[in-house]
Amino acid sequence: MAEVTSVNISEKKGTVKHPVPEIVLRCRHGIVGDAHAGDWHRQISMLSEESVDKMRAALPQLKAGAFAENINTRGIDLKRLPVGTRLRIGETVVEVTQIGKECHNDCAIKKATGTCVMPTEGIFVVVVKEGTVRAGDPVEIVEEAEV
């Protein structure tokens, strides 16, 4: 079964996200206390550990949150989920709104390795059902979008 491996926030924009024991998800907001929260289509960013592991081959010291992701998972291929897919994460439900994003020109990971996984393998979601998420919570597809 797929699961959450880390939950991460940053209190200020432009700073690296850091792991926290739990995050609280709110509808039309995202993560309480995260600098990127707001009523928009990229409330929460997610990245799989499998994607991070690709980058750890070149940068073994990479920690959770290094790609500015809020939720890390293992056991689910996030990048293959179509927009509109709903995921149950612990007691919450989120909906995929975007796959990947344009990388910042000053991305330290891209400068060090020549590549970055977030632009092609990270996803963004909005909160559909509020609640708390912690490392170890199960992740499952509850509604797959039509392709």
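Per-structure values
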| item | result |
| --- | --- |
| Test: residue in region 63-76 that is polar (S, T, N, Q) and either open to solvent by 60 Å² or more (accessible area, probe 1.4 Å) or in contact with a Cys (Cβ under 8 Å, 6 or more places away or on another chain) (or both) | no |
| Flag if residue 29 is at pLDDT 95 or above and either in contact with a strand residue (DSSP E or B) (Cβ under 7 Å, 6 or more places away or on another chain) or open to solvent by 40 Å² or more (accessible area, probe 1.4 Å) (or both) | yes |
| Region 32-59: number of residues that are more than 22 Å from residue 78 (Cβ to Cβ) and either open to solvent by 70 Å² or more (accessible area, probe 1.4 Å) or touching a helix residue (DSSP H, G or I) at 6+ places or on another chain (Cβ under 7 Å) (or both) | 2 |
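The values are calculated or read from the model by the stated rules, or taken from the named source; none is laboratory data. Every value quoted in this text rests on a predicted model; they were computed, and no experiment measured them. Cβ: placed from backbone, ideal geometry, glycine included. Neighbour counts: every protein chain shown. Just the protein is used for accessible areas: all its heavy atoms, side chains included, with ligands, DNA and RNA removed. Shrake-Rupley method; radii C 1.70, N 1.55, O 1.52, S 1.80 Å.
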